[in-house]
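A.B. asks: Here's a structure for you.
The values are calculated or read from the model by the stated rules, or taken from the named source; none is laboratory data. No experiment lies behind these values; they were computed from the predicted model shown. Using ideal geometry, Cβ is built from the backbone for each residue, glycine included, and neighbour counts are taken over all protein chains shown.
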Amino acid sequence: MNGIQFHGTTIVSVRRGSEVAMGGDGQVSLGETIMKGNAVKVRRLAEGAVLAGFAGAVADAFALFDRFEGKLKEYQKNLLRAAVELGKEWRTDKYLRQLNALLAVCDRDRSLIISGSGEIIEPEDGLIGIGSGGAYALAAARALVAHTDLSAAEIVRESLRIAASICVYTNDHVVVDTLSASSPE
């Protein structure tokens with residue numbers, strides 16, 4: 001199994017009005033083989049106050065979710081502070097540096113991407129797309145935000161459907177979750 005890579009994640013998040021939605025497809029692939037079609041890659045953290053999705057190795061993502069949830073607890077659910085602290089730890093810790101994943105996290109006010117190189121990115125338009133089909137889903141979300149009145153959750157679903165029609169590592173088994181934002185845009 002050396003050289004064979006796990007693929008198959010598309011995560012997209014959209015902020016619109018008083019809602020933030022995040023969704024992911026369910027496909028996990030090993031090389032050219034679909035290993036699972038109904039994986040859940042989006043979950044709630046911090047007693048439901050944070051949505052988190054991952055792209056990359058599943059075991060690594062779960063380890064990062066656990067660490068991130070600990071940071072959220074430590075910093076009283078302050079998403080930005082928890083993300084910065086996880087990013088610093090991820091970049092400098094010998095064990096964590098080996099983890100191969102990317103996290104998309106959102107609370108009622110912020111949307112962030114956290115990477116293992118210590119990057120914490122807050123997209124200015126509130127839209128996130130990560131994973132093998134992330135660019136396709138992000139492009140679709142941008143178009144749908146600009147040209148429709150769909151809700152954030154509807155845009156996430158449609159963006160993932162479009163990505164699944166393009167990316168062979170993305171399927172149409174979609175899980176979407178939402179939070180109501182504290183203040184409308």
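A.B. asks: Taking the conditions exactly as written (surrounded by 17 or more Cβ atoms within 10 Å (Cβ to Cβ), over 19 Å from THR9 (Cα atoms), modelled with pLDDT of 95 or more and among the small types (Gly, Ala, Ser)), does ALA52 satisfy them or not?
C.D. replies: So ALA52 does not fit the description; no.
A.B. asks: When you check ALA152 against the structure, is it within 24 Å of ASP107 (Cβ to Cβ) and within 17 Å of the chain's Cα centre (by Cα), yes or no?
C.D. replies: yes
A.B. asks: I'd like the full set of residues that are among the charged types (D, E, K, R) and either more than 17 Å from the chain's Cα centre (by Cα) or under 23 Å from SER18 (Cα atoms) (or both), limited to segment 162-185.
C.D. replies: As a first pass, look at segment 162-185 and keep what is among the charged types (D, E, K, R): 172, 177, 185.
Correct list: ASP177, GLU185.
A.B. asks: If you scan segment 93-131, which residues turn out to be without any contact (Cβ under 8 Å) to a residue 24 or more places away in the chain and of a type in the set (A, V, I, L, M)?
C.D. replies: Across segment 93-131, the qualifying residues are ILE113, ILE121.
A.B. asks: If you take the residues of segment 71-87 that are of a type in the set (D, E, K, R) and loosely packed, with under 14 Cβ neighbours inside 10 Å, which of them is farthest from the chain's Cα centre (by Cα)? Explain how you work it out, then say what you get.
C.D. replies: Pass one, segment 71-87, residues of a type in the set (D, E, K, R): 71, 73-74, 77, 81, 85.
Those still in the list that are loosely packed, with under 14 Cβ neighbours inside 10 Å too: 73-74.
Values: LYS73: 20, GLU74: 22 Å.
Within segment 71-87, the match that is farthest from the chain's Cα centre (by Cα) is GLU74.
A.B. asks: Can you tell me which of ALA104, ALA139 is at pLDDT 95 or above and surrounded by fewer than 19 Cβ atoms within 10 Å (Cβ to Cβ)?
C.D. replies: When all the criteria are applied, what remains is ALA139.
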